[in-house]
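The numbers here are math on the coordinates, done by the rules we state, and not lab data. As the structure is a computational prediction, the values presented were derived from the model and not from experiment. When we count neighbours, we look across all protein chains shown, and the Cβ atoms used for this are built from the backbone with ideal geometry, even at glycine.
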Amino acid sequence: MNEQQLTPNPNIRLVVNGGSTVLDSATIPVEWHLSDELISKNPQYVVICDHENTLDYFKERRGLSCGNRYFCKVTDLVKYLQLFTSGKHHLVIMVFYGCDAEAEAQKYLRRNKDSAGWRETVWYTDVEGKSSYGKETTVFEFEVPKELFAQKPETGFSALIWKWTNGWYSEKPIDECEYRKRKIFAFTIKPPLFLLFYSVVFVIGMLYMILTAKIVYSIIYNIINNPPSVSLPHSSVFVWIVIVIATFTILFLGAKAWVTYYFSPEKKRERSMKKREKERKQEDKKELKEEKKAQLERQKEEEVKERVATFLKTNASFNSVSAKVDIQRVIPVVDRTTRFTIRFWNLKAKVCKPFARY
């Protein structure tokens, strides 16, 4: 299969960077629109995979290298992506539908993920097939110019500030916003904390040395001046030993008699009958409760499905596709949390460039 055959899925249309394959920002919104056929399948979740290789590499290696993964509800309509490497990228967008949509989406989200990131996520067959049970997939390839990234200061006073600001962190900041936040901390709270920490370490170290020296001196002094003497125990110790043994013997015999009575065949049968009766009543109550719960859940699912389908047909169908992502169109129709997230990232994209990862 050649690269031209990996055409976008006809059931999914993306709005990315006004259609241009050369980005003008390293933080971009991605908007998706679905066909009526896909909307009728009850789509629920979207997983977006940003891969930092071309499709040629993808086909040759039968897998993909590290990249970022994003999980969102299909009703979010827009997702902002922050990119960290220049050069060729491609997005793999998967729309999951059906009763197992969330579980399947989470499976792709977690595939071969470790503490350092994603090692291998989406296979070539997932893109090649485009459509499979419970999932529709499409791709979009683009290029990220290196000029879109913030530059780390390498020389002069700015480099010293960078080193002081990030000295307590194992990784460099992901973007200019995080760097500014670290810089505020570095020149307000960090200096007194720095002095306090090393002052406490110095004081504790001195106290430890003094205490250790004093203890060692006391031990040596007592050994030299007050040698230990050995004395026989008092005769009353024997009486206490007898009392303790007698007490434990009485307790043991009493416990043995109680256990014999409690675990007798008659008592076992009585307890078993009571337990079965209690379990039967609990099972009846549980079945009735689960049946009512399942009925309410089915009713709720149908209502949600109908509401989501209406929402997508109005706001995410092919009829609403525009040349560019229209944030002002999306904000009024999404929920409050998504609205806040979109506004936050829309502002962040204007004032914060990400630092290149490599």
> Which lysines have a Cα less than 16 Å from the Cα of Lys268, not counting those fewer than 8 places away in the same chain?
Replying inline: Lys278
>> Between region 292-358 and region 165-230, how far is it from one alpha carbon centroid to the other, in angstrom?
In response: 50 Å
> In what sequence do Trp345, Trp258 fall when counting other Cβ within 10 Å, fewest first?
Replying inline: Trp258, Trp345
>> Sort 15-24, 81-90 by packing, meaning the average of other beta carbons within 10 Å per residue, with the highest value first.
In response: 81-90, 15-24
